[in-house]
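Dropping a structure here in structure tokens format, bear with me for questions.
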Amino acid sequence: MKFSGLFKYCPVCGSDEFILNNEKSMRCEMCGFVYYVNASAATAAFIHNERGELLVCKRAKEPQKGTLDLPGGFVDGDETAEEAITREIKEELNGDVSGLEYLFSLPNEYEYSGMTIPTLDMFFACRLVSVDGLQASDDVESYEFVPVENIRPELFGLKSIRKAVGMYIENNSFS
């Protein structure tokens, strides 16, 4: 659901005159407060093993629970995208990043708590100190390294990840 359908009252003064201002904001006619919905920053990683296989995760939580994903997640307010992807890989896989390279970004929509949140997903190629000791936790139910020829983008649940994986296959991987 779009944000304009969820909010009926101004979060500042409580007025019920909280109206759609434009496609990405709402305005209170009583106090003048304007609420904007801008894209949240998120990250995702392409990680290879020594055989060139891609690390693919299975989502443990909604949205798209049970579908395939890349490791990653939201950028916190006090960190860079590079810090965020490094933190997410540690949280989700207990992996230590030894190097990363920014690749590209894609817009996405993330369904959470009944609201459609626009995101800007930033994709990185990451190297790990070691693949030994990786362990699925947090938002990751399981993971595996998959040969590129066996990757099926349609099994990835989130729109931007599905598109990025398709680009990955077309470009014969990112390094």
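The values are calculated or read from the model by the stated rules, or taken from the named source; none is laboratory data. This is a predicted model, so every value here is computed, not measured. Glycine also receives a Cβ, built like all others from the backbone with ideal geometry; neighbour counts cover every protein chain displayed.
Anything in the range 30-52 that is over 11 Å from the mean Cα position of the chain (by Cα) and crowded, with 18+ Cβ neighbours inside 10 Å? List them, or say none.
Across the range 30-52, the qualifying residues are 46, 47, 48.
Can you give me the number of residues within the range 140-166 that are closer than 23 Å to residue 102 by Cβ and either at pLDDT below 95 or surrounded by fewer than 12 Cβ atoms within 10 Å (Cβ to Cβ) (or both)?
The total comes to 1.
Filter the range 18-27 down to the residues that are touching a Pro at 6+ places or on another chain (Cβ under 9 Å) and assigned to a loop (DSSP other than H, G, I, E, B) and list them by number.
Within the range 18-27, 24 is the sole residue that qualifies.
Residue under question is residue 58, and the condition is that it be basic (Lys, Arg) and either closer than 22 Å to residue 151 by Cβ or surrounded by 17 or more Cβ atoms within 10 Å (Cβ to Cβ) (or both); does it hold?
So residue 58 fits the description; yes.
For the range 93-138, enumerate the residues that are under 30 Å from residue 35 (Cα atoms), at pLDDT below 95 and touching a Lys or Arg at 6+ places or on another chain (Cβ under 7 Å).
Hits for the range 93-138 are 109, 116.
From the list 15, 4, pick out the single residue that is surrounded by 13 or more Cβ atoms within 10 Å (Cβ to Cβ) and part of a helix (DSSP H, G or I).
Just one listed residue meets the conditions, 4.
Go through the range 87-118 residue by residue and tally those that are touching a helix residue (DSSP H, G or I) at 6+ places or on another chain (Cβ under 8 Å) and surrounded by 17 or more Cβ atoms within 10 Å (Cβ to Cβ).
5
Moving on. Name the one entry in 121, 76 that is surrounded by fewer than 17 Cβ atoms within 10 Å (Cβ to Cβ), within 30 Å of residue 25 (Cβ to Cβ) and charged (D, E, K, R).
76
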